[in-house]
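Rule-based calculations on the coordinates, nothing more; no lab input. Model, not experiment: these values are computed from the prediction. Every residue, glycine among them, receives a Cβ derived from its backbone with ideal geometry; neighbour counts consider all protein chains shown.
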Amino acid sequence: MDRVELGNSGIKVSRIGLGMWQAGGKNWGKDVNDRDCVAAMVRAQERGVNLIDTAEVYGEGHSEEVVGRAVRQIGRDNVVLATKVAGYHMRERDVERACRASLRRLGVKEIDLYQVHWPDPWDQVPFAEGFRALERLWKRGLVRAIGVSNFAVRDLEDARARLRAADIVANQVRYNLLQTEIEAEVLPYCRQERITVLAWSPLAQGVLADTYRVGRVPRDSIRKQNDLFSPKNLREAGKLLRALRKVAKAHRRNVAQVALNALSKDPIVVPIPGAKRPSQAEENAAAVSFDLTPAERRAIEAAAQSTRVETF
Ligand SMILES: NC(=O)c1ccc[n+]([C@@H]2O[C@H](COP(=O)([O-])OP(=O)(O)OC[C@H]3O[C@@H](n4cnc5c(N)ncnc54)[C@H](OP(=O)(O)O)[C@@H]3O)[C@@H](O)[C@H]2O)c1
């Protein structure tokens, strides 16, 4: 699989990554288990995926532990490890403590991409404090690159201004064919500044895998809160799914693969679909191994534009 550079970091990642929130545990559904998650990571790596994303908050550290198990099988040098410090851990003393705890759970000496999970709206720790603490970890070699997540342009600019020698190399944000808000400001800014956009929920948590319908929705605690699964939104998503099915049939691919392929047309965007088992990881890894025609891209874009889900 082709590789792209994470910002200007020199770190090369596959065009499709792998999200491991799922390895946090049963809040993603009864069918989640550690063994399948490890197998999913191993399979993804065998199919060319080298970027694995996790976070200290996923299953309160459990996801990082499961990722650590997979890394021991895969080999440390064969994986780019991305994890996140929670927004509420941005006090100077907390940043280092959180980083060391993640390193321990992952069983590694260095995190490749350390991301601030969200700009914290409650404690309002000044960016100067948190980002300088991150920069110190970077200088000491505990993290190879600094990233953020869910940052608007104003947050990105503020955070970058606090860093003296390092720069932000990636912004992880929600981005899928149904939820395209970042196209207005964040994506153009990141493109201009060469900051990689890691697209979370690139499959709209399964809606764009064509799995769910009105009356057949996931019951897990995470997706119960996601209003993408409301009857109104699912009916609306049907318009886009019809277009995706048509293209998928022509390429003998599945709908999830077409949705991921369409999202990753610009190499500044790297989708990180979550997977619960090896078969999903394998399918998603193969999502960029075929080319959509310009007409197919236009048809998907037109369908996406005329599909209007209402989520917050
Ligand atoms: N930074 C943030 O704030 C943030 C927020 C959310 C997520 N993330 C990261 O982004 C990653 C991906 O986002 P996400 O997990 O929310 O959503 P997603 O990738 O859009 O959806 C993942 C779900 O889709 C289904 N799926 C995946 N591949 C499939 C396939 N080939 N065929 C059919 N179904 C498939 C699986 O659920 P079922 O099989 O149960 O349907 C899977 O759990 C996460 O794992 C996490 O690392 C970050």
Each label sits 7 Å from Cα toward the beta-carbon; between V42 and E282 the label points are separated, in nm, by 1.3
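Subtracting the Cα-Cα distance from 0.36 nm times the residue separation, let me have the gained length for D34 to A184 in nm, one decimal. Mind dumping the intermediate values first?
On the way: separation 150, 0.36 × 150 = 54.00 nm, distance 3.81 nm.
Gain on stretching D34 to A184: 50.2 nm.
Report the FRET efficiency, 1/(1 + (r/R0)^6), for A302 and S221, where r is their Cβ-Cβ distance and R0 is 30 Å, rounded to 0.05. Please report the intermediate quantities before stating the final value.
Working: r = 36 Å, r/R0 = 1.18.
For R0 = 30 Å, the calculated efficiency reads 0.25.
If you stretched the chain out fully between R93 and R140, how much longer would it get, using 0.36 nm times the residue separation minus the C-alpha to C-alpha distance?
Details: separation 47, 0.36 × 47 = 16.92 nm, distance 1.54 nm.
The R93-R140 span can extend by a further 15.4 nm.
Tell me the relative contact order for segment 66-132 as a rounded percent, counting alpha carbon contacts under 8 Å between residues six or more apart.
On the way: 60 pairs, mean separation 29.5, N = 67.
Relative contact order, segment 66-132: 44 percent.
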Applying the gyration tensor rule to the Cα atoms of segment 195-252 (axes a ≥ b ≥ c; rounded if a/c under 1.5, else prolate if a/b exceeds b/c, else oblate), the class is oblate
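Given an 8 Å cut-off on Cα distances and at least 6 residues of separation, report the relative contact order of the chain as a percent.
Contact order relative to length: 22 percent.
Which semi-axes, in whole Å and largest first, does the equivalent ellipsoid of segment 185-287 have when worked out from the alpha carbon gyration tensor as the square roots of 5 times its eigenvalues?
On the way: eigenvalues 109, 60, 42 Å².
Taking √(5λ) for each Cα gyration eigenvalue gives 23, 17, 14 Å.
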Along the dipole axis of the chain (charges at Cβ: +1 for Lys and Arg, -1 for Asp and Glu; origin at the Cα centre), the most positive-end residue among F151, S14, Y114 is S14
Phi-derived 3J(HN,Hα) across segment 225-242 with the Karplus relation (6.51, -1.76, 1.60, θ = phi - 60°), rounded Hz, x for Gly and Pro, is 8, 8, 6, 4, 8, 5, x, 4, 5, 5, 5, 5, 4, x, 4, 5, 4, 4
In this structure, the FRET efficiency calculated for E129 and M1 from their beta-carbon separation, with R0 = 41 Å, to the nearest 0.05, is 0.60
Applied in sequence order to segment 206-220, the curve 6.51 cos²θ - 1.76 cosθ + 1.60 (Karplus, θ = phi - 60°) yields integer Hz couplings, x standing for Gly and Pro, of x, 4, 8, 9, 6, 8, 10, 9, 4, x, 9, 10, x, 9, 5
Among K26/K109; K84/K109; K232/K265; K26/K276; K30/K276; K26/K232, the pairs whose Cα-Cα distance exceeds 19 Å are K26/K109; K232/K265; K26/K232
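When Lys and Arg each count +1 and Asp and Glu each count -1, what net charge do the other residues less than 12 Å away from L292, Cβ to Cβ, add up to? Write out the running numbers ahead of the final one.
Values: positive: K246, R253, K265, R297, R298; negative: D291, E296, E301.
Result for the neighbourhood of L292: +2.
Within the set of other residues whose C-beta is less than 14 Å from the C-beta of N226, count the net charge using Lys and Arg as +1 and Asp and Glu as -1. Could you put the intermediate results ahead of the total?
On the way: positive: R174, R219, R223, K224, K232; negative: D220, D227, E310.
Neighbourhood net charge equals +2.
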With G107 itself left out, Lys, Arg at +1 and Asp, Glu at -1 over residues whose Cβ is under 10 Å from its Cβ give +4
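If R₀ is 41 angstrom, what is the calculated FRET efficiency for the pair D167 and D291, using the beta carbon separation as r and rounding to 0.05? Kindly include the intermediate steps, with their values, before the conclusion.
On the way: r = 33 Å, r/R0 = 0.79.
With a Förster radius of 41 Å, E is 0.80.
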